[in-house]
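Okay, structure first, notes after.
The values are calculated or read from the model by the stated rules, or taken from the named source; none is laboratory data. Everything numeric here is computed off the predicted structure, so don't read it as measured data. As a convention, Cβ positions derive from the backbone with ideal geometry for all residues, glycine included, and neighbour counts pool all protein chains shown.
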Amino acid sequence: MSVQRLVTQGGRVSYRARVKSHGREVATKCFERRADAVAWVSDQTRRIRTGDWVDPRRGRISMGLVADGWLDTRASVKRRTRETDLATWANYVQPTFGNRAIATITAAEVSEWQAALVASGLAPSTARRALAVIRAILDHAVADDRLTRNVASGRAPASWRDCRPGWGGIDARRGRGSGRGLHGATE
């Protein structure tokens, strides 16, 4: 374990934590508290021992480059499916996440992005398709050891009935909706 105390010219104290594996430094991070630095080093060391560790530098690649690799792996699917995947990537995912480093994308951002797609008038089925594409791209990044987990995998897809106000769905069955069904009929 390597935690080094650093003092700036202004007298501010910080701690640099370094993790080594097989004689080389694999990760470095600075903390304001020594306890945080020690905990981080311990966690990283545990992950290295168990084989769960992913080099943080590999997550700095843009989502666009990962998507290119993912689209290349889609050669075995039918032509129309590849075209749909490419169009969904280009129209919905790429404008928001294309230039972002994949390690910086959070589950909350994916949820907000999908909600914004539906709120903008996009059909929920199209929003679900866009979510499926971002999930597949992030799954590709996990398989390529660029991420430890897929932040989009736990996100429930949008449902048409649950996205349109006054159209019944789950909330109506619980007594919180309008009571109208799919075509406006009373349930």
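Inside segment 110-125, residues that are touching a Phe, Trp or Tyr at 6+ places or on another chain (Cβ under 8 Å), in a helix (DSSP H, G or I), farther than 30 Å from Arg57 by Cβ and of a type in the set (A, V, I, L, M, F, W, C) make up a count of 1. If the condition is being closer than 16 Å to Ala132 by Cβ and not hydrophobic (A, V, I, L, M, F, W, C), then segment 49-77 contributes Thr73, Arg74. When segment 72-118 is filtered for residues that are out of contact with any helix residue (DSSP H, G or I) (no Cβ under 9 Å at 6 or more places or on another chain) and without any contact (Cβ under 8 Å) to a residue 12 or more places away in the chain, the ones remaining, listed by number, are Asp72, Ser76, Lys78, Arg79, Arg80, Glu83, Ala87, Ala90, Pro95, Ala108, Glu112.
Please indicate, with yes or no, whether at least one residue in segment 99-109 is crowded, with 17+ Cβ neighbours inside 10 Å and either outside the structural domain of Asp145 (by TED's automatic domain parsing) or outside any helix (DSSP H, G or I) (or both).
First, pick out the residues of segment 99-109 that are crowded, with 17+ Cβ neighbours inside 10 Å: 102-103, 105.
Among the residues that remain, those that are also either outside the structural domain of Asp145 (by TED's automatic domain parsing) or outside any helix (DSSP H, G or I) (or both) are: 105.
There is at least one residue in segment 99-109 that is crowded, with 17+ Cβ neighbours inside 10 Å and either outside the structural domain of Asp145 (by TED's automatic domain parsing) or outside any helix (DSSP H, G or I) (or both).
Residue pairs whose Cβ atoms lie under 6 Å apart, sitting 6 or more positions apart in sequence or on different chains, and linking a residue in segment 12-31 that is farther than 14 Å from Arg57 by Cβ and in the same structural domain as Thr45 (by TED's automatic domain parsing) to a partner that is part of a strand (DSSP E or B) and of a type in the set (A, V, I, L, M), are Val13/Val7; Ser14/Leu6; Tyr15/Val3; Arg16/Leu6; Ala17/Val3.
The helices (runs of 4 or more DSSP H) found wholly in segment 1-88 and carrying at least 1 residues that are touching a strand residue (DSSP E or B) at 6+ places or on another chain (Cβ under 6 Å) occupy 34-50. Scanning segment 133-150 for residues that are surrounded by fewer than 20 Cβ atoms within 10 Å (Cβ to Cβ) and touching a Ser or Thr at 6+ places or on another chain (Cβ under 8 Å) yields a total of 3.
Against the list (1) closer than 16 Å to Arg146 by Cβ; (2) in the same structural domain as Arg146 (by TED's automatic domain parsing), the condition Arg74 fails is (1). Ala27 passes every criterion in (1) modelled with pLDDT of 85 or more; (2) closer than 18 Å to Thr148 by Cα apart from (1).
On inspection, Gly59 does not qualify as over 20 Å from Ser125 (Cα atoms) and in contact with an Asp or Glu (Cβ under 8 Å, 6 or more places away or on another chain).
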